[in-house]
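The values are calculated or read from the model by the stated rules, or taken from the named source; none is laboratory data. What you see is a predicted model, and the numbers here were worked out from it, not measured in a lab. Glycine also receives a Cβ, built like all others from the backbone with ideal geometry; neighbour counts cover every protein chain displayed. Note: accessible area is taken over every heavy atom of the protein model, side chains too, but ligands, DNA and RNA are not part of it. Shrake-Rupley method; radii C 1.70, N 1.55, O 1.52, S 1.80 Å.
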Amino acid sequence: SFLLENLTKPVILTGSQLPIGLLRTDGRENIIAAIELACMQKENKPVFQEVCIYFEDNLYRGNRTNKFSAENFDAFRSPNYPILAHVGTEIKVFEEYLYRNKIDFLITHHELCNEIAIIKFFPGIQPKTIKVITEIDGLKGIILETYGSGNAPTNSEIVNILESSIKNGVVILNITQCTVGRVQQGKYATSTQLKEIGVVSGKDMTTEAAIAKMMFLLSKGFSQKEISKLLTISLRGEIS
C-alpha cells in the first residue's frame with residue numbers, strides 16, 4: 001500500500017532538478033504545423049486568409065480566441081466559434097468556417113487609438129470608481145465587462161455617470177464576463193437601462209477583440225454614431 005500511495009503522488013520538478021537538455025515545450029510541433037497550415041493553398045490562393053492561432057493540434061480564428069491556461073499545453077479556447085482546422089495524422093480543414101472577403105491582399109494598420117478603458121463590474125462597485133475612470137482626460141472609449149447576457153448593477157448613479165459620458169462623446173461597449181454566450185441588451189431589466197442610454201452591445205465578441213476593434217475604429221476619425229454602428233457589425237469575423 002505504501003508503494004501504491006507513493007506511485008500516485010504527483011512529482012513536481014523545479015528547473016534546477018530537470019535533466020540537462022530537457023525542455024518541456026510544444027513549441028517545435030506548433031511551429032511546424034503552423035507553417036504547414038500557412039502554406040496550404042487551394043486554386044492558387046491561401047486556404048487561410050485571416051489571422052489565426054495554432055495550438056495543441058487546433059487552428060483557431062484569432063479574434064474569436066482567448067487564452068485560458070498559463071500552465072497547460074492545451075491553453076487556448078474559441079468558446080463561441082468552431083475551430084478552423086485540426087491537425088492529426090492528416091490535416092482536416094473545416095472550410096465552412098473560414099473567413100472570406102473580396103480583399104485578397106494584406107492590409108496593415110499602424111495607427112491605433114489607445115485612449116480607452118475597461119470597467120469590470122463586480123458586486124459592490126462604487127459609482128465614484130466609475131466616475132474617476134469616465135473623467136480620464138482624453139478618454140474616447142470604454143468597454144464594460146458585465147454580468148451574464150449584458151447586465152449591470154441596478155444603481156441609478158452608475159447609469160447616470162455612464163449616460164453623461166456617452167453624451168460627452170465617449171463610446172461605451174458592453175461585453176459579457178462569461179466565457180461562453182453573448183450580450184443581449186434588453187433581455188433583462190438590468191441591461192435595458194444600458195441600451196436606453198446608448199451603450200452598444202458587443203454581442204459575442206471577446207474582450208480582446210473588442211479592445212482591438214475599438215482602438216482601430218477610434219483611430220479612423222469616425223463619428224461616435226458611426227463607431228457605435230460599426231462595433232455591432234462583423235468586420236473580420238469577430239461576431240457571429
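Mind listing just one residue for me: the one in segment 41-73 that is within 19 Å of residue 180 (Cα to Cα) and part of a loop (DSSP other than H, G, I, E, B) and, of those, most open to solvent (accessible area, probe 1.4 Å)?
In this case the residue turns out to be 68.
Out of all the residues in segment 84-94, which are surrounded by fewer than 17 Cβ atoms within 10 Å (Cβ to Cβ) and within 22 Å of the chain's Cα centre (by Cα)?
86, 94
Quick grid of which residues meet (1) buried (at least 19 other Cβ atoms within 10 Å of the Cβ); (2) modelled with pLDDT of 95 or more:
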position: 137; (1), (2): no, yes
position: 141; (1), (2): yes, yes
position: 164; (1), (2): no, yes
position: 171; (1), (2): yes, yes
position: 187; (1), (2): no, no
position: 190; (1), (2): no, no
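Pull out all pairs, ordered by first then second residue, where Cβ-Cβ is under 7 Å, the residues are six or more apart or on different chains, the first lies in segment 215-240 and is in a loop (DSSP other than H, G, I, E, B), and the second is open to solvent by less than 30 Å² (accessible area, probe 1.4 Å) and of a type outside the set (Lys, Arg).
Correct list of pairs: 219/113; 232/200; 232/201; 238/205; 238/209; 239/204; 239/205; 240/204.
Cβ contacts < 8 Å: first residue free of Cβ contacts under 8 Å to residues at least 12 places away in the same chain, restricted to segment 36-61; second residue open to solvent by less than 90 Å² (accessible area, probe 1.4 Å) and aromatic (Phe, Trp, Tyr), any location; separation 6+ or different chain. Result?
38/48
Tell me, which strands (runs of 3 or more DSSP E) lie completely within segment 74-185 with 1 or more residues that are closer than 22 Å to residue 50 by Cβ, without any contact (Cβ under 8 Å) to a residue 40 or more places away in the chain and in contact with a Ser or Thr (Cβ under 7 Å, 6 or more places away or on another chain)?
171-176
Restricting to segment 186-214, and then to whatever is in contact (Cβ under 8 Å) with a residue 60 or more places away in the chain and of a type in the set (Val, Ile, Thr), can you tell me which residue is nearest to residue 240 (Cα to Cα)?
For segment 186-214, the residue satisfying everything is 206.
Need the failing condition index for residue 180 against (1) surrounded by fewer than 16 Cβ atoms within 10 Å (Cβ to Cβ); (2) more than 12 Å from the chain's Cα centre (by Cα), just the number.
(2)
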